[in-house]
Amino acid sequence: MHILPKSARETKSEFFGKKGWTLHSILMYTKQENDEKLNIAAFDHWSTDTKQDAWFTASSLHAVFEIMSNKPKWIILISDTGPHYHNTEMMLIMAHWKERYDIEVREWIFLEADEAKTAIDFHRAQIVHAIKRYVRIGFEIKEGNDIEKAIKDLRGTSIGELNPNREKLDKKIKSLVGISNLNEWKWPIEGPFAGYIQARPLPKIGNYINYSPAQIEKLSKSETIKPKPTLSTPTNSQFTWIVPISNFDTNSKRTKIDTLSNEIMKYKYRKKFYVKFQLMSGWALKANQKFGKRGGAKMSKRIITLLQGFFHAGNANKSDRYTAHDMLSELNDMATKLSNILETILIEDKASWLKTHFSFVYCTIFIKENFCNDFVVKYPNLIINNIDQHLVTPDRPIKLNILPARSVLVTELPPRAKETFSTSISEDYAAEISSWIDRKTTTYSTTNFPYKFELILCGTRDGFVPQTFWNICHGHACTIVIAKVKGTDEIIGGYNPLAWDNALDGNSDEWMETKDSFIFSLKNGSIQNSILSRVKKTNCAILYERKND
């Protein structure tokens, strides 16, 4: 989290244009035996060192245990798969915790982005609110110490300045094989695997991959050193942060996890396939996904044909694809055809059943009143014959008034003004880009293009730091990046149909494959025509650069 210098008198542009500080947060959950409550202590460290990496994380954890009077005997760590946690250097540092801090690290569980970060997100929201309130009432955030003053009274929160020591660090650390696919890590201190590093794709499920001490030693030429950061005297909150523990059956939950683990291992080596949808058991696990981490085992030709028939507008021409609007229209047509077929079957083949259950049918599908009313008009005898005659006077003729189908009054409201989603892209630009995405030869009008554009990241609002882009855009697919060249009328951009993946290995460049990406320049001012350039070398369509560049 970045805290930027801000005063009550500064404008938004000046605020975001300045270099800020880093704020690193750790939540420590502790519980006394036979107690039904959790005590949460938040340790926040602000720093002028804005480099978010494994060494900063290790330094922050070191600072926490240095100031604790009662250190725990063991810990379990839970975090997201951010590159400053989920990397080889961090795993090597954790292997020395028992000897350096006399604390057993039982496991470290990594969660995908947004899986389970409610508590830490809540704490961050408190910090943001406290800083905004501090500024609104007339104070200024000019120095790092001002951050401490703004948030020092948050419940259960301790804050201090931390600056890691970065001299003599080994920058040449090899990567553990398959680390991006492994989300549960252990460092045994006893038994046959003492000194090993163990990891597996999912917590509590499957077998571990064991990295031996010999393998670990080859990853770095120098010994991993202990962090020695400088830490100011932290603040101490006057209030504790305590939450109750949810009441659930732990034994039942453990039984379900063990059963699931056994089932997965049973089929792991059988290469079992489903008959109708031939994907191998466990195909969704990242470790089993190939082809640039975008798919697992190949589907059968039958399934491919069915998918092509739907998504490719009923034919195998890949350039003639359904848009979202086309799909909805096609589904509505299919529903209408099905309704007509059902009507024919009921009238021609199921007349007897319809007579017996007409009231039920009429009430059940009353929403389709035109169908029912038309049926009554066409076949009144079927209804008359179904009336219980003992309720009708024998000498009195039966009269049935059939009214025509009611017409539905549709009130047309004036069109609602559309909210501007970007200061750089107009509705005309959005329609033109939508046409390129759907490979249309003519440009959509501003009233009928099939896509909804939502602003995900804005440089003037969110900043221009590369890691901010990865954090916000992670998981989003079908995105457009737009930039306006300063001092000119030129507006350039590109379209990426793939999802941005912040969990990819940050130590090397990686090319992503797609045939649908493109770059463009939009007409604007002195630039009279838009320019579109589609990808030609599909296996090198998009480059995910190293995050440490």
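The values are calculated or read from the model by the stated rules, or taken from the named source; none is laboratory data. This is a predicted model, so every value here is computed, not measured. Note: ideal-geometry Cβ built from the backbone for every residue, glycine included; neighbour counts use all protein chains shown. These area figures cover heavy atoms from the full protein model, side chains too; ligands, DNA and RNA do not enter into them. Shrake-Rupley method; radii C 1.70, N 1.55, O 1.52, S 1.80 Å.
Could you state the number of Å between the C-alpha centres of the range 43-103 and the range 457-515?
Computed from Cα coordinates, the inter-centre distance equals 30 Å.
Is the shape of the range 449-495 best called rounded, prolate or oblate, per the rule: a/c under 1.5 gives rounded, else a/b larger than b/c gives prolate, else oblate, with a ≥ b ≥ c the square roots of the Cα gyration tensor eigenvalues?
Numbers: a/c = 2.11, a/b = 1.10, b/c = 1.93.
Here the range 449-495 falls in the oblate category.
Give a residue-ordered list of calculated ³J(HN,Hα) values for the range 214-223 (Karplus: 6.51 cos²θ - 1.76 cosθ + 1.60, θ = phi - 60°; whole Hz; x for Gly, Pro).
The phi angles translate into 5, 5, 5, 5, 6, 6, 9, 6, 10, 6 Hz.
Give the residue list of GluC sites (Glu not before Pro) in the range 82-113 that are DSSP loop and have at most 15 other beta-carbon atoms within 10 angstrom.
Hits after loop and neighbour filter: E112.
Taking the mean number of other Cβ atoms within 10 Å as a proxy for protection, how do you rank 183-196, 490-503 from highest to lowest?
Per-residue Cβ counts within 10 Å, averaged per peptide and sorted highest first, yield 490-503, 183-196.
Carbon-plus-sulfur fraction of the accessible area of the range 427-544, 1.4 Å probe, in percent?
For the range 427-544, the apolar C and S fraction of the accessible surface comes to 52 percent.
Can you give me the long-range amide H partners of I209? Hydrogens built in the peptide plane at 1.01 Å from N, cutoff under 5 Å, separation of 5 or more residues or another chain.
Counting only residues 5 or more places away or on other chains, the set is A199, R200.
So what are the ³J(HN,Hα) numbers for the range 485-498, from phi and the Karplus equation (6.51, -1.76, 1.60; θ = phi - 60°), rounded to whole Hz, Gly and Pro as x?
Per-residue couplings from phi come out as 6, 5, x, 9, 8, 6, 10, 10, x, x, 10, 10, x, 8 Hz.
How much length would be gained if the chain were fully extended between K537 and E112, taking 0.36 nm per residue of separation minus their Cα-Cα distance, in nm to one decimal?
My answer for the length gained is 149.9 nm.
Report, in listed order, any pair from K51/K98; K484/K536; K31/K172; K51/K221 with a Cα-Cα distance greater than 29 Å.
K31/K172
In terms of modelled amide H atoms, which long-range or inter-chain residues lie less than 5 Å from the amide H of I159?
Excluding prolines and chain starts, which carry no amide H, the hits are D44, T235.
On average, how much accessible surface per residue is there in the range 2-244, in Å², for a 1.4 Å probe, leaving out ligands, DNA and RNA?
Numbers: 13210 Å² over 243 residues.
About 54 Å² of surface per residue is accessible.
Rank by packing, highest mean first: peptides 461-468, 233-240, 78-85, with packing defined as the count of other Cβ atoms within 10 Å averaged across residues.
Top of the packing list down: 78-85, 461-468, 233-240.
Amide H to amide H under 5 Å from S300: which residues, 5+ apart in sequence or cross-chain, H placed 1.01 Å off N in plane?
Q278
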